[in-house]
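Working notes, structure below.
Computed from the coordinates by the stated procedures, all read-outs in this text should not be read as laboratory data. In this text, all values refer to a predicted model and were calculated from it rather than measured experimentally. All Cβ positions, glycine included, derive from the backbone under ideal geometry; neighbour counts span all protein chains shown.
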Amino acid sequence: MRKAFGAFTALAVAAAAFAFLGLPGATAQGGGTIVAEVKYNGAPVVEKLKINKDTKVCGEEATLEKVAVGPNKGLANAVVSVPSAKGQAKAAKAVIDQHGCKFVPHVVAMTPGEIDIKNSDGILHNIHTYSSANPAINKAQPKFKKVMTEKFTKPEVIKVTCDVHSWMLGWIAVVPTPYFGVTDQEGAVKIENVPPGKHTVEVWHETLGKQTKDVEVKAGETARVSFEMKKS
Amino acid sequence: MSATPATAHAHVAHGGHHELGFVRTYIFSTDHKMIARQFLFLGLIMMILGGLLALVVRWQLAWPETPVPGLGWILTETGGILEPGQYNMAFTMHATIMIFFVVMPILAGAFGNFLIPLMIGARDMAFPFLNMLSFWVAAAAGVLMLAGFFVEGGHAAAGWTSYAPLSAVPDYTGTNWGQNLWCISLFVLGVSSMMGSINYITTVINMRAPGMKLFRMPLVVWALFITAILLLLALPVLTSAVAMLLFDRTLGTSWFTPSGGGEPLLWQHLFWYFGHPEVYILILPAMGIASEILPVFARKPVFGYHAMAFSMIAIAFLSWIVYGHHMFVSGMNPALGMAFTVTTMIIAVPSAIKTFNWLGTLWGGRIQFTVPMLNALAFVWMFVIGGLSGIFMASTPVDIYIQDTYYIVAHIHYVVFGGSIFGAFAAIYYWFPKMFGRMMNTALGHLHFWPTFVFFNVTFFPMHIIGVGGHMRRIYNPLQYDFLQPLQHWNVLMTVGAICLGLSQIPFVINFFWSLFAGRKAPVNPWNANTLEWAAPSPPPHLNWGDTLPTVYRGPYEYSAPESREDFLPQWQPAPARAGGGRH
Amino acid sequence: MLSWWLPENVSTYGQDIDWLFGLIYAITGVTFILVTVAFLGFIIVYRDRPGRRARYTHGNTALEIVWTVVPALILVILTFLSVPAWSRIKMTMPQTDFVVRVTAKQFNFQVTYPGPDGQFGTADDKTFLDEMHVPVNRPVRVNLRSEDVIHSFFVPQFRLKQDAVPGREIPAWFEATRPGQYELPCAELCGFGHSGMRGWVYVHTAEEYERWAAENLRAEAPLTTAALPAATEGGSPRP
């Protein structure tokens, strides 16, 4: 409680200071847009697995998309963020669902704070996280527990598995900035209202690693940046 | 502080009955009888908790994943439905509480404390201050154990056996401080038990009244004496093991985790090296209690006194070399399994001897069906079932199949509930007059005994059947398995039985508290029994005896002896005019 | 239907276990009936009635010897009868080239076949999740491993149970006598997912098995679990 209050006060003071000094970036309205494209020049890596458990919900076969490559070599499920751009946390709460014995979405990005973990399958799942900065979680989520809320306060990429269905794999990227996105099937992501200035854009993929690129954002304009991921 | 019996004796000799304050009389008392009552209350209160946990487990097994009545206000998130981790926690804590905080405090703690000095004619324990410390350390252990229910992540959920590495790495269960507190509590309890057992052993060896030879001791004193020796030698092994486990969990050692060079089976060796003697720690006092009560209400000397005493000694010796039968399929060298089969088969012999001698005690008796006698008889009969079912496990090939099934659960409950708990009920009904100076109500006693006996069997007998059907223990939802579907009727029946068994304890609670305050005043020797405690007033005063210690003239079971006109001949009574000395 | 007895046995050594079980059941059953008759008989016959005094006796040495020696003999005989079955099931391993590795892991059994080269740990290994396929009437060696906690490999119809202990590889074996599909539950508490940790053993006829193997064990078989996430990815904080 006291911590929250302290943080609130600090934010309020900072906001007031920015407003008073009239620094750019204090309001999102004056920002620019970053459009990032992430490409991968290799073949997609998709594995299949026969399932023998909870087949009514999970199906008979699981598809494990380790590297999902769309048309035009776009790389899906990569997290693009602008760590150097600071701002207030987004209001929307992050959500990850367990649906059809898969984590949906496969990769979710969020700012430090709470995330709702849903179980729309109606069978026993469990949330097992592998993390170093945040405390690791290993909790059962029975069928009657539709939503569990967890808190990750430190930025890091957290691997999530379900030990009941060992093929299930998901990622929660906790990023230190509200300016982030996850690439779609075409490998594209659009980040809006980025405070103008010089920034470093970072991309992360579960198997292909990290890359960074510098970009200059101008108010009201769109800056394009493209990445070419390689097998690490 | 009257720390030694010598000074205690001096007090009496000087007639110095100075009043002790409230705190010294009722709370930090060094009087063995008050400490016994404290242990009894500790055990009975914990029994309510342990029993409720059992009902929660049973509900889940009969009607999986439905709201448990009455749990809605605790498990608000799910409306009272038990989660798998919470189910594991419930059975883990049921067993932990029942074994360490119910049966041990009641049988070894309460009756050990109450009976040993009174029955051997001592004024108190050898070390009264240590005795007091032993209770308060045990109470602290109880508080630590209860605290585990309120910590983040819940209480220990790795089974009462807490097999490593499941228990050794917090991440494997998601339990953190619960399991730590479990370790700390048992560590503290181990210290308490060591203080108690040293006290019992010293008292029995050094403080017997004039004439109380070893083989004139009542069998329950023999049983408690042997139990104390087992406690002294077994509990430290558990104490060290839980300390090692705690270090694995908190300090990063790897005694039991292979990734750091540890050995998971080491935990099982240590645990069962303690655990098997522990089973006898739970049952030996109850055997002693039955051996005490059967002769009184059969009005007949116990059959084969020496055989009874020696068979208990044999059990104590053998209990150290049978523990491996818990580990037949654990991955232990199978050749060792063979050796443990031999010893396990042999340890059944002393139990058989005891059973036949109990039957011999009944033969030709004049059996009075008092409430303590009914409970003692139930003990004998149920122990027969518990003992015989153990033979299946001793046979290694059969054990491959029934290991980790409900057959084991049935066996342990026939031994620990059918044995130890019926023994405890018998003891409470029998010694309540001496302990509290009032008689318990007989009608309520019958109202407690008969339903308890019936529903005990309804609850636990079908466990044999589903165990033979392959029903694993410690599973959250039996309906997840195709081959267990046909057995589910039994689960429902057992749960109904368990609920009725729980309700059957209400007359006992009423009887206990009503009699405590409003029961008929007890005479000195209400059962016309022979042993020394019945020579002291009911309840016995501080330091038990008047100016002089009683003198013992004969063995404890001279009922219907031809030399006396009465059908009993107390140990403290000088020889009747008609005939010579007693026997033994 | 209420069932009262052991599930159907479909393994070679299962009948040894069932026979011993039946024998012990008979011995303990008869003992229980005799003791109960004596017990209830004494209670009724020797109930307290006016004008009768209890028999004054302290025991009988001959009786003590009899009821020490007779149970001891029965138990020793039982021990000796248990030895051959135990030694057949757990202490010896029949000659077989059919080897499967089972790696238990919270809360699944991963079943690995060595592939065409017959070697574990090579690229052509095939791993299946919670399912094992074996031919009937052929001894199968199961090398049991665990990645985390102790699990137990239990097939009720085979009368087989063996714990899987992390840090060890423990061999077990069975020879199924009838084709079918048998449940393989985990029998040792392994965490909150213990209940429901269950695989299947498919026992095929020889031809059926060959067909299955040709389809699933060849190098380019479509289904694979070469990389189950938690098993292969790094970043595990576990000590």
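Here the Karplus relation 6.51 cos²θ - 1.76 cosθ + 1.60, evaluated at θ = phi - 60°, turns the backbone of the range A:42-56 into coupling constants of x, 7, x, 10, 10, 10, 10, 9, 7, 10, 10, 9, 6, 5, 4 Hz, with x for every Gly and Pro.
A simple spin-label model places pseudo-atoms 7 Å from Cα toward Cβ; at C:Ala206 and A:Thr212 they are separated by 6.6 nm.
Determine by what factor the alpha-carbon radius of gyration of the range B:222-326 differs from 2.2 N^0.38 Å, reporting the quotient.
Working: Rg = 18.4 Å, N = 105, 2.2 N^0.38 = 12.9 Å.
Against the empirical 2.2 N^0.38 Å value, I get 1.42 for the range B:222-326.
Spatially, the range B:103-174 and the range A:193-232 are offset by 61 Å when compared through their Cα centroids.
Only counting other Cβ atoms within 10 Å, I'd like A:Lys198, B:Lys434, A:Lys159 sorted with the fewest neighbours first.
Arranged by neighbour count, lowest to highest, A:Lys198, B:Lys434, A:Lys159 become A:Lys198, A:Lys159, B:Lys434.
3J(HN,Hα) along the range B:398-405: 5, 5, 3, 7, 8, 3, 6, 10 Hz, from the Karplus curve 6.51 cos²θ - 1.76 cosθ + 1.60 with θ = phi - 60°, whole Hz, x for Gly and Pro.
If you count, for every residue in B:367-378, the Cβ atoms of partner chains within 10 Å of its Cβ, what is the mean? Numbers along the way, then the final one.
Values: counts 9, 2, 3, 1, 0, 0, 1, 0, 0, 0, 4, 0.
Counting other chains' Cβ atoms within 10 Å and averaging over B:367-378 gives 2.
Tell me whether the range C:31-77 comes out rounded, prolate or oblate; compute the Cα gyration tensor, take square roots of the eigenvalues as a ≥ b ≥ c, and use a/c under 1.5 as the rounded threshold. Numbers along the way, then the final one.
Details: a/c = 7.09, a/b = 1.75, b/c = 4.05.
Verdict is oblate for the range C:31-77.
Across peptide C:22-29, what mean number of C-beta atoms from other chains lies inside 10 Å of a residue's C-beta?
If you average over the peptide's residues, the count of other-chain Cβ atoms is 3.
Screening chain B for DSSP H helices whose Cα atoms reach 24 Å or more along their own axis and whose mean Kyte hydropathy is at least 0.0 gives B:32-62, B:128-147, B:177-206, B:219-250, B:264-298, B:334-362, B:371-394, B:442-468. Between C:Ala123 and B:Ala243, the simple label model (points 7 Å from Cα in the Cβ direction) yields a spacing of 5.4 nm. The angle between the Cα long axis of helix A:2-21 and the main principal axis of chain A comes to about 40°, on a 0 to 90 degree scale. Any idea how far the Cα center of the range B:255-282 sits from the one of the range C:137-183, in Å? After rounding, the separation between the Cα centres reads 23 Å. Between the amide H of C:Phe128 and those of C:Val111, C:Thr112, C:Tyr113, distances stay under 5 Å, these residues lying 5 or more places away or on another chain, with hydrogens modeled in the peptide plane. Short to long, the 5 Å bins of the Cα pair-distance histogram for the range A:89-136 hold 5, 18, 25, 26, 17, 7, 1 percent of all pairs. Paramagnetic label reach from B:Ile45 (point 7 Å along Cα→Cβ; backbone nitrogen cut-off under 13 Å): within the range B:131-173, residues B:136, B:138-147. The label point for C:Gln15 and the one for C:Thr61, both projected 7 Å from the Cα toward the Cβ, are 5.0 nm apart. For C:Thr96 and C:Leu73, the difference between the fully extended length at 0.36 nm per residue and the C-alpha to C-alpha distance is 4.4 nm.
Quick one: B:Leu362, B:Leu543, C:Leu40, B:Leu479, fewest Cβ neighbours within 10 Å first, how do they rank? List each step's numbers first, then the result.
Details: B:Leu362 23, B:Leu543 19, C:Leu40 12, B:Leu479 15.
Listed from fewest to most nearby Cβ atoms, that is C:Leu40, B:Leu479, B:Leu543, B:Leu362.
For chain A, A:Cys162 stand unpaired, since no other cysteine beta carbon lies under 4.7 Å from theirs.
Is any helix in chain C, taking whole DSSP H runs, at least 20 angstrom long along its axis by alpha carbon and on average at least 1.6 on the Kyte-Doolittle scale, and which ones? Mind showing how you got there, number by number?
On the way: long enough: C:14-45 (45 Å, 1.79); C:61-86 (37 Å, 1.93).
Span-like helices, by this rule, are C:14-45, C:61-86.
Bridgeable lysines around A:Lys39 (alpha carbons under 19 Å apart, same-chain partners fewer than 8 residues away excluded): A:Lys66, A:Lys73, A:Lys190, A:Lys210, A:Lys213, A:Lys230, A:Lys231.
Taking amide H atoms as placed 1.01 Å from N in the peptide plane, the amide H of A:Met168 lies under 5 Å from those of A:Cys162, each 5 or more residues away in sequence or on another chain. Close amide H contacts of B:Phe568 (hydrogens built in the peptide plane, cut-off under 5 Å, sequence separation of 5 or more or a different chain): B:Ser560. Treating only the Cα positions of the protein assembly as shown as identical point scatterers, give the base-10 log of I(q)/I(0) from the Debye formula at each q in 0.07, 0.08 Å⁻¹. Debye curve over Cα of the protein assembly as shown, log10 I(q)/I(0) at q = 0.07, 0.08 Å⁻¹: -0.70, -0.87.
The HN-Hα couplings worked out from phi for the range B:77-82 by the Karplus form 6.51 cos²θ - 1.76 cosθ + 1.60 (θ = phi - 60°) are 4, 10, x, x, 7, 7 Hz, whole numbers, x standing for Gly and Pro. Ranked by how many other Cβ atoms sit within 10 Å of their own Cβ, fewest first, the residues B:Thr202, C:Thr122 fall in the order C:Thr122, B:Thr202. The slack in the chain from B:Cys500 to B:Trp450, taken as 0.36 nm per residue of separation less the alpha-carbon distance, amounts to 16.8 nm.
Take the alpha carbon gyration tensor of the range A:67-149, find the square roots of its eigenvalues, order them as a ≥ b ≥ c, and report rounded if a/c is under 1.5; if not, report prolate when a/b exceeds b/c, else oblate. If you can, show how the numbers build up before the last one.
Details: a/c = 1.98, a/b = 1.27, b/c = 1.56.
It is oblate, given that a/c is not under 1.5 and a/b is not larger than b/c.
Rounded to the nearest 0.05, the FRET efficiency derived from the C-beta distance between A:Lys198 and B:Gln485 at R0 = 51 Å is 0.15.
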